[in-house]
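First comes the structure, then the notes that go with it.
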Amino acid sequence: MPKILVSDFDETLYTSIKELNNNIEKIKQFINNGNIFIIATGRSYVNIFKCIEKHKIPFSYLICNDGGTIFDSDFKLIYRNDIPNDIVEKIYKYLFENNILKITYFDTGFDFIKVPSKNINSIIINDINRQKSIEVLNDITSKFPLIHGYISKFWINITSKEVTKSNGIKKILEINNYNKNDVYTIGDTINDISMIKEYNGACMNHSTKDVKEICSLTFNSVLEYIDYIENKTE
């Protein structure tokens, strides 16, 4: 059975151009040896697509919006889990009434729009003031229990409650009948915790405190982690 490596993108796979290029060469070898490499990112499809094309990053599957959408190696959409339409409408009203719409974007799964239509996969709100962002996120998640969210470096990220990187991986395993025990994951921050806890997790040495608290294996790069996986399974 193939080994399945799932990597976060920002500050994990991509920490610098030099490190990214080193990781890419190792990933090519990993895939050529019959294994599976999956990128799992909080980024939207439109955002990550440009970066993957620019740097010619090889992958077997692409998980975007923390599991909200999944694409195969040809960028074909194979799964999506949207925020319920009625909840989107209510959140839109809340953002309007609280004068937050001007810093809000609605992700259709393929593009960002300012006025929501049907099939919204995620909502992002610019984190201008961290304390205010915490208050807004707590208010939204308490009013609308069918969604959840977290604050990343620059954004409040909101998705359907069932959307996590862990559940995105689970969907790929179900589609291909892969074995859970063959999955290895690596990340560095809060939205990586679900997959690190569920699937043979590791983290980057620079990971946030909450990640390091639940992770016993740390590495300097994805390349280094692949070496560990290969040596462990020989």
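Read-outs throughout are calculated quantities, based only on the coordinates presented, and are distinct from any laboratory measurement. What you are looking at is a predicted structure, and each value in this text was computed from that prediction instead of being measured. Ideal geometry is used to build each Cβ from the backbone, glycine not excepted, and the neighbour counts take in all protein chains shown.
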**Message:** Can you tell me the orientation of helix 165-176 relative to the chain, as the angle in degrees between its alpha-carbon axis and the longest Cα principal axis, to the nearest 10?
**Reply:** 60 degrees
**Request:** Over the chain, calculate the relative contact order: mean separation of alpha carbon pairs under 8 Å at least 6 apart, over the residue count, as a percent.
**Result:** 19 percent
**Request:** Note down, for segment 85-160, the three equivalent ellipsoid semi-axes (square root of 5 times each alpha carbon gyration tensor eigenvalue), biggest first, whole angstrom.
**Result:** 17, 14, 12
**Request:** Run a plain Debye calculation on the chain (Cα atoms as equal point scatterers, no solvent) and give log10 I(q)/I(0) at q = 0.08, 0.10, 0.16 Å⁻¹, rounded to two decimals, same order as the q list.
**Result:** -0.29, -0.45, -1.11
**Total charge dipole magnitude, segment 85-160, about the Cα centre, Cβ charges on Lys, Arg, Asp, Glu only, Debye to nearest 20** = 120 debye
**Item:** the chain: calculated mean residue ellipticity at 222 nm from DSSP helix runs of at least 4, using -39500 (n - 2.57)
**Value:** -11500 deg cm²/dmol
**Candidate lysines - alpha carbon under 16 Å from Lys197, same-chain residues fewer than 8 apart omitted** = Lys165, Lys170, Lys180, Lys209, Lys212
**Asked** When the chain is fully extended, how far beyond the present Cα-Cα distance does Tyr228 get from Ile175, taking 0.36 nm per residue of separation?
**Response** 16.4 nm
**Request:** Report, in degrees rounded to the nearest 10, the 0 to 90 angle that the Cα long axis of helix 85-97 makes with the longest principal axis of the chain.
**Result:** 60 degrees
**Asked** Using 1/(1 + (r/R0)^6) with R0 = 30 angstrom and r between the beta carbons of Ile103 and Cys51, what's the FRET efficiency to the nearest 0.05?
**Response** 0.80
**Prompt:** Using alpha carbon centroids, what distance separates segment 93-154 and segment 182-208, in Å?
**Reply:** 25 Å
**Request:** Among DSSP beta bridges whose residues both lie in the chain, state the antiparallel percentage, nearest 5.
**Result:** 60 percent
**Complete:** Subtracting the Cα-Cα distance of Phe154 and His206 from 0.36 nm times their residue separation yields 16.9 nm
**Asked** By how many degrees, between 0 and 90 and to the nearest 10, does the Cα long axis of helix 222-233 differ from the longest principal axis of the chain?
**Response** 50 degrees
